[in-house]
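The values are calculated or read from the model by the stated rules, or taken from the named source; none is laboratory data. All of these numbers come straight from a predicted model, not from anything done at the bench. Note: ideal-geometry Cβ built from the backbone for every residue, glycine included; neighbour counts use all protein chains shown.
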Amino acid sequence: MSITESHARRGGKSHAAPAVPPVVDRAAWQTARDELLVREKAHTREGDAIAAARRRLPMTEVDAAATVVGAGGPTTLLDLFDGREELVVYKHMWHAGEPFENQCEGCTLTYFPAQDPAYLNARGVSFAVLAQAPYDELAPFVAFMGYPRHWYSVVDVADPDVNGADFGTWMCFLRVGERVFLTGTLTGRGGEATMPALALLDMTPRGRMEAWQDYPDGWPQGKAPCWFWRADADGVGNDGAGGRPTIQWTRPGATPVASVGHEHHH
């Protein structure tokens with residue numbers, strides 16, 4: 001009896017069970033693993049080549065004096081460098097007037113694992129988060145999530161590269177004296193660079209279980225993209241139908257959501 005068949009039998013009855021990878025001896029497994037490793041190394045080298053090309057991109061000047069507002073009050077984009085040469089910024093999407101559970105699950109997944117900039121700072125790179133909301137509206141959310149206080153409001157910034165519509169974007173800036181230059185951006189699936197959960201899921205046999213992915217025959221049916229980024233109180237994803245951005249359930253005071261979009265539950 002195969003593993004799939006044995007898993008399918010419960011209490012003398014047969015049940016449909018998802019397929020599993022074929023079972024081989026250790027030597028055959030190592031051979032298959034080594035074959036895939038060749039492709040993985042090529043993928044890594046191509047990533048290195050793309051990063052090298054990124055370092056050769058031109059840059060464009062932005063308003064160094066643009067005023068942003070953080071926990072300490074108004075400050076300038078230049079001040080966010082904190083004397084360092086480089087600055088990495090995440091432009092976090094914000095839904096004005098919405099409760100915490102309605103704030104973007106995609107931006108939450110992108111930013112949450114990268115919120116501690118210790119290693120960036122050690123390399124001489126500063127870090128900040130920008131959002132299109134008055135700081136008084138951001139502050140309670142930052143406190144609820146337990147985030148560092150490197151969040152800044154850009155609602156009064158005129159420069160479109162700083163306060164544009166492309167939120168959900170990583171941006172890199174370079175300081176040359178008192179001038180500030182935008183050197184690069186990353187958005188869309190590029191944001192997966194700071195989503196280690198997705199990288200780990202891609203290592204597993206079942207993967208992300210999203211319908212768009214290529215799965216072997218007999219694998220469990222994939223669901224809507226990003227289905228597990230938002231979850232109910234049981235921690236199970238729900239196709240974005242409600243609940244909270246998944247990590248919010250770990251926050252003290254995160255209560256079940258009874259009426260998403262109409263009541264504050266935090």
Answer yes or no as to whether Trp29 is of a type in the set (Phe, Trp, Tyr) and over 30 Å from Asp217 (Cα atoms).
no
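Scan segment 83-98 for residues that are charged (D, E, K, R) and either under 12 Å from Thr187 (Cβ atoms) or surrounded by 15 or more Cβ atoms within 10 Å (Cβ to Cβ) (or both) and jot them down.
Of segment 83-98, the ones charged (D, E, K, R) are 84-86, 91, 98.
Matches in segment 83-98: Arg84, Glu86, Lys91, Glu98.
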Any chance you could count how many residues in segment 133-154 are in a loop (DSSP other than H, G, I, E, B) and hydrophobic (A, V, I, L, M, F, W, C)?
2
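Keeping to segment 135-149, report how many residues are surrounded by fewer than 18 Cβ atoms within 10 Å (Cβ to Cβ) and under 17 Å from the mean Cα position of the chain (by Cα). It would help to see each step written out before you state the result.
Taking segment 135-149 as the starting set, the residues that turn out to be surrounded by fewer than 18 Cβ atoms within 10 Å (Cβ to Cβ) are 136-137, 139-140, 143-144, 146-149.
The next check asks that each one be under 17 Å from the mean Cα position of the chain (by Cα); those that pass are 146-148.
Selection size over segment 135-149: 3.
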Which of the following residues is more than 20 Å from the chain's Cα centre (by Cα), part of a loop (DSSP other than H, G, I, E, B) and crowded, with 19+ Cβ neighbours inside 10 Å: Val180, Val157?
Val157
Within segment 23-33, identify whether any single residue is touching a Phe, Trp or Tyr at 6+ places or on another chain (Cβ under 9 Å), surrounded by 11 or more Cβ atoms within 10 Å (Cβ to Cβ) and not in a helix (DSSP H, G or I), and answer yes or no.
no
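Could you pull out the residue among Ala17, Ala65 that is surrounded by 11 or more Cβ atoms within 10 Å (Cβ to Cβ) and in the same structural domain as Asp161 (by TED's automatic domain parsing)?
Working: Ala17 fails: in the same structural domain as Asp161 (by TED's automatic domain parsing).
None of the others qualify; the one that does is Ala65.
Taking the criterion of being touching a helix residue (DSSP H, G or I) at 6+ places or on another chain (Cβ under 9 Å), aliphatic (A, V, I, L, M), closer than 27 Å to Tyr215 by Cα and assigned to a helix (DSSP H, G or I), would at least one residue in segment 34-53 satisfy it?
Let us first name the residues in segment 34-53 that are touching a helix residue (DSSP H, G or I) at 6+ places or on another chain (Cβ under 9 Å), namely none.
No, there is no match, as no residue in segment 34-53 is touching a helix residue (DSSP H, G or I) at 6+ places or on another chain (Cβ under 9 Å), aliphatic (A, V, I, L, M), closer than 27 Å to Tyr215 by Cα and assigned to a helix (DSSP H, G or I).
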Go through the residues of segment 107-127 one by one and say whether even a single one is within 16 Å of the chain's Cα centre (by Cα), aliphatic (A, V, I, L, M), buried (at least 20 other Cβ atoms within 10 Å of the Cβ) and farther than 23 Å from Gly235 by Cβ.
no
Please identify the pairs in which a residue from segment 237-258 that is of a type in the set (Phe, Trp, Tyr) has its Cβ atom under 9 Å from the Cβ atom of a residue that is assigned to a strand (DSSP E or B), counting only partners at least 6 apart or on another chain.
Trp249/Ala231
